[in-house]
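S.K.: Got a structure for you, questions after.
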Amino acid sequence: MERARIRVAALIACCAAAWQPSIARAADENTQLWLIGAVRTDLGEDTHATLDGSLRLREDARGGDEKTIRLTLEQEVADNVLAGGGAGVWDTETGETEVRIFQQLTITRGAFAARTRLEERIFDGADRVELRFRQRMQYTLELSGSVSASLDGEWLHLVQTRDRLGPQYRDQFRSRAAVTADLGNGLTAGIAYLAIYDQRGAARDRYAHVPQVSLDWRF
């Protein structure tokens with residue numbers, strides 16, 4: 001148990017150290033709070049469905065609060081390999097709506113998981129569909145029979161921006177540390193800290209601090 005705690009602390013410390021250059025450069029910082037809920041079930045022996053939603057409490061400068069809902073379907077195509085996709089809607093307090101369609105592949109090997117995702121993002125009034133590539137790596141460590149910790153990092157890259165002549169910001173980096181607890185009866189609760197770093201070319205880089213609270217129900 002003590003070794004597990006040391007490993008988690010080391011992972012979080014390494015993650016924080018990696019973000020220091022970004023923090024120093026980011027002149028534009030904000031804090032958000034994401035409340036997340038999900039319902040998961042199996043549609044068959046190898047097919048899984050997840051319906052999730054969130055309320056993202058954000059500053060007015062970020063478009064105000066945002067509500068999301070998304071459906072994901074995945075199928076096990078090989079041992080520890082899931083392929084699938086889904087769709088969702090993102091709606092902001094200021095009235096901007098995004099419809100998002102995505103495809104993804106997740107490979108798990110022991111405590112490590114890699115997820116590759118391609119998103120087609122449709123915005124009101126945009127010139128064209130925005131295409132975004134996302135690559136996430138995650139490490140999960142069981143602390144006890146009912147509690148686990150995880151650390152993940154993700155690179156998000158715009159393959160095609162929504163506006164042909166508008167800002168062409170391409171890359172975003174995310175890092176998250178989380179702890180989850182099995183509450184029984186299919187319920188899992190979690191808390192996490194998500195750091196988001198946006199590279200914005202000639203404009204000031206943007207950095208967001210995002211505490212998260214989540215509740216999952218599997219039946």
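S.K.: Run the dipole for segment 33-91 about the Cα centre, Lys and Arg Cβ at +1, Asp and Glu Cβ at -1, nothing else charged, and hand back the magnitude in debye, nearest 20.
M.R.: In debye, rounded to 20, segment 33-91 gives about 320.
S.K.: If the only charges are +1 at each Lys and Arg Cβ and -1 at each Asp and Glu Cβ, what is the size of the charge dipole of the chain around the Cα centre, to the nearest 20 debye?
M.R.: 660 debye
S.K.: For segment 135-218, give the magnitude of the charge dipole about the Cα centre (Cβ charges: +1 Lys/Arg, -1 Asp/Glu; no others), in debye to the nearest 20.
M.R.: Here the size comes out at about 420 debye.
S.K.: Continuing with the same structure: Please tell me the relative contact order of segment 144-194 in percent, rounded to the nearest whole number, where contacts are Cα pairs under 8 Å and at least six residues apart.
M.R.: 38 percent
S.K.: Another question, then. Take the Cβ-Cβ distance between ASP182 and ASP127 as r, set R0 to 41 Å, and report the resulting FRET efficiency rounded to the nearest 0.05.
M.R.: Efficiency, from the Cβ-Cβ distance: 0.35.
S.K.: Given a 1.4 angstrom probe, what's the average accessible area per residue across the chain, in square angstrom?
M.R.: Normalised by residue count, the accessible surface of the chain is 55 Å².
S.K.: Another question about this same structure. Please compute the length gained on full extension between PHE112 and ASN30, using 0.36 nm multiplied by the number of residues separating them and subtracting their Cα-Cα distance.
M.R.: 26.5 nm
S.K.: Still on this structure: Please compute the length gained on full extension between PHE219 and ASP79, using 0.36 nm multiplied by the number of residues separating them and subtracting their Cα-Cα distance.
M.R.: Taking 0.36 nm per residue and subtracting the Cα distance, the gain is 48.1 nm.
The values are calculated or read from the model by the stated rules, or taken from the named source; none is laboratory data. Note that the structure is predicted; figures quoted are calculated from it, not measured. Positions of Cβ are generated from backbone atoms using ideal geometry, with glycine treated the same way; all protein chains shown enter the neighbour counts. Side chains are part of the model used for accessible areas, which takes the heavy atoms of the whole protein and leaves out ligands, DNA and RNA. Shrake-Rupley method; radii C 1.70, N 1.55, O 1.52, S 1.80 Å.
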